[in-house]
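Nothing in this text is a laboratory measurement; each read-out follows from the coordinates by a stated rule. Just so we're clear, the structure is a prediction, and the values are computed from it rather than from any experiment. For neighbour counting, all protein chains shown are included, and Cβ atoms are generated from backbone atoms with ideal geometry for every residue, glycine included.
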Amino acid sequence: MSFGDAPIALRRAVTGRERIVIRRARGTDIADVGRLAGLADRPEPSVPLLLAESDGALVAAISIRTGELVSDPFVASDDVVALLRLRADQLDAAA
């Protein structure tokens with residue numbers, strides 16, 4: 001399926017993003033990662049973590065060590081998760 005074939009609500013959510021940030025998690029992010037894991041009903045990924053934010057809101061976190069991932073089940077985030085996985089793979093290859 002091409003992006004043009006995706007449901008219109010999904011296309012609007014993805015193309016309406018103003019800013020996507022991929023960054024390393026800090027100690028102050030742990031509570032937000034816990035909230036995200038709770039929303040997804042999954043365990044928190046192991047540290048160290050990379051985070052993905054969309055327009056200032058945390059939407060996904062991935063463990064750099066294990067690849068465990070959690071994402072907000074209420075946000076269309078497949079595009080952001082793909083970028084997050086790509087960056088994690090880049091860091092792993094550089095290590």
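Below, the figures for the structure above:
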{"quantity": "Calculated from backbone phi, Karplus (6.51, -1.76, 1.60) coupling profile of the stretch 74-86 in Hz, x at Gly/Pro", "calculated": "9, 10, 5, 10, 4, 5, 5, 4, 4, 5, 4, 4, 4"}
{"quantity": "Charge tally in the Cβ shell below 9 Å around Asp55, where Lys, Arg are +1 and Asp, Glu are -1, Asp55 excluded", "calculated": "0"}
